[in-house]
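Notes follow once the structure below has been shown.
The values are calculated or read from the model by the stated rules, or taken from the named source; none is laboratory data. Remember, it's a predicted structure, so these values are computed and weren't measured experimentally. Neighbour counts run over all protein chains shown; Cβ positions are idealised from the backbone, glycine included.
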Amino acid sequence: MLVCLLSAGFACLRPGPADADTPADTAAPLRSIAFYYGPNPPVAELSQYDAAVVEPDHGFVPPAPSAQAAADADGSAHAATVWYAYVSIGEVHASRAYFKAMPAAWLHGANDVWQSSIVDQTSKGWPEFVVNTMIAPLWRAGYRGFFLDTLDSYQLVATTDAARAAQQAGLVAVIRAIHTRFPGAYLILNRGFELLPEVHDIVDAVAFESLFHGWDQKNQRYVDVSAADRDWLLAQAKIVRDRYALPVISIDYCDSADRACAADAIAKIRGLGLIPYIGDGGLQSVGSGAHGR
């Protein structure tokens, strides 16, 4: 059972994990988060955030909390940053080390924009594969959080209500399998709003992208978000906060040289009571957020 402070912006306190020699650390209240998918993550900069999400395939090993101990300018101590590994659940790219171990029957479609294959979430053995082949090595490497991405990719191939319901049930099974094996792990969902009725009690926050400014991967350009799309996202954020008492993270995209864009987005996102992070289109550099130390 989770012991939670049922107030938006606070993380849950986890019991010790079942598959590690060392227990998960109690996370600080989640007030800030950074996303950095480039190589050689700058630890000192990212450690200014309560949590940092990185791309584990670059070989980064999270620092041990004892080695990361730090103090604020006034001398008061703060908890170590929780390091999250990026994990794509709904899609897989051929560059992933585990791609060749996945049966071809598990893949049923493609996302041409990202040159990746869409995973059939109903595939027998898929939850166990995620836990044993994707998550367990990251846990052993020292990651204590996992940012679960591409949770809505099934919508590209599931065209009926029944098909969508089956894919959603498969995603729920995957998320619950991760929690069962690693009950001490922190989980953040990227979108996955329709899954929350079944998994809200085992996740720690929900993120979404492009509230004011987005990145168009196909055309490689920054774009402004329409009012209609923004209103829909804000309606989902209200449900996440009011119904499930989970923190909501808003990731926007601005050119790294456009400081005015980033400052404007941060101010607007914080004004809505959400946790902001503004990065470049590929999250290859340290962006801007709310340093919650």
### Pair list, Cβ under 9 Å, 6 or more apart: region 47-72 residue modelled with pLDDT under 95 and assigned to a strand (DSSP E or B), other residue surrounded by fewer than 21 Cβ atoms within 10 Å (Cβ to Cβ) and charged (D, E, K, R)
Ala70/Arg293
## Note on the structure
The condition of being of a type outside the set (Lys, Arg) and surrounded by fewer than 16 Cβ atoms within 10 Å (Cβ to Cβ) holds, among Asp264, Asp242, Asp280, Asp252, only for Asp242
### Selected residue (criterion: modelled with the highest pLDDT) from residues of region 101-118 that are within 21 Å of Asp216 (Cα to Cα), crowded, with 16+ Cβ neighbours inside 10 Å and of a type outside the set (Gly, Ala, Ser)
Ile118
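Do any strands (runs of 3 or more DSSP E) lying entirely in region 119-236 carry at least 2 residues that are within 20 Å of the chain's Cα centre (by Cα) and either basic (Lys, Arg) or surrounded by 16 or more Cβ atoms within 10 Å (Cβ to Cβ) (or both), and which ones are they?
The strands (runs of 3 or more DSSP E) meeting that bar are 145-149, 186-190, 205-209, 213-216.
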